1. Nearest 20 debye, what's the magnitude of the dipole of region 63-256 about its Cα centre given +1 on Lys and Arg Cβ and -1 on Asp and Glu Cβ?
2. What whole-number distance in Å separates the alpha-carbon centres of region 102-116 and region 195-269?
3. Of all the Cα-Cα pairs you can form in region 132-269, what percent are over 25 Å apart?
4. Using the 10 angstrom Cβ neighbour count as an exposure proxy, how do 74, 35 rank, fewest first?
5. Taking 0.36 nm per residue of separation and subtracting the Cα-Cα distance, what length does fully extending residue 223 through residue 241 add?
Amino acid sequence: MWCARPYRQSKVFNYSILTHRKYKMDSDDEPLVLSAATLAALQQFRSEEEQRKEHFAKLYQESEDRYDELQKASIDDYKEDWQLSQFWYSDETADILAKALLEGADEDTVVCIASAPSVYAAVTRLPAEQVPTKHIYLLEFDKRFEVMAGKKYFHFYDYNKPEEVPEVIRNKCHRLLIDPPFLEEECQTKSAQAARNLLADINGEKTASGDQKFKLISSTGERMRDIIKKTYPETLLTSFLPEHKNGLSNEFRCYASFECPYWKFDNTV
């Protein structure tokens, strides 16, 4: 999956090659010995990994006693797994997406965030008055994030199986943000099928505050524009440009079914 899929590519060097003290080049039988500077970098990398594992174990233990309400979380506690095409949004981008998703919601609004755990983490950081509903679910392939969302609101999600969305929110979601992991038509199409199985049929309805009840956001690569038009015809390209913590070589765009203080529809394309 790592080599064969068009993934969301990072500009940052992959240090996993440093996990071996010696390695061989394809064209040379002589082992290469890492330099002192490289060994020092490797030692620091391993030390940081151990600290991260210890911290994560503590978070997991604390999650066993989690209450119903959202618990403040940090996406920085979770290392990106590039083989799963995981690249976290910058804090500013995650905050904007979280606020746009929840703006005007009420206590009965059901919110779903699929394949975008950094946005879920941003929700947990928002002031209580900006999070009027407790019905906020995280769908994610990486089961580490059960620690972040808790057993009640985390559900395992494999985009390859769009029919297997959680029954508790099947056709009940009023707000949905979905960020398919791979920039390919099959992944985008199956993700859209999952979205149809999640979304409630509420077009035109309003929340108690008078805001739109139905809101759909898909944040994905700009190269997916034509596919988005087919799979989410109710959305349009917006002026908002999502950014990632470590940078991506692929340009990302935000497609949404609504305008808000954070973006307008982009009529220039």
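1. On the way: 25 positive and 35 negative charges, 67 e Å.
Here the size comes out at about 320 debye.
2. Spelled out, the Cα-based centre of one part sits 14 Å from the other.
3. Details: 2679 of 9453 pairs.
Considering region 132-269, 28 percent of its Cα-Cα pairs are separated by more than 25 Å.
4. Details: 74 14, 35 9.
If I rank by nearby Cβ atoms, fewest first, I get 35, 74.
5. 5.1 nm
Throughout, read-outs are computed from the coordinates displayed, never taken from laboratory work. It should be emphasised that the depicted structure is a prediction, and the values quoted were computed from it without experimental measurement. Cβ coordinates were reconstructed from backbone atoms using ideal geometry, including for glycine residues, and neighbour counts include every protein chain displayed.
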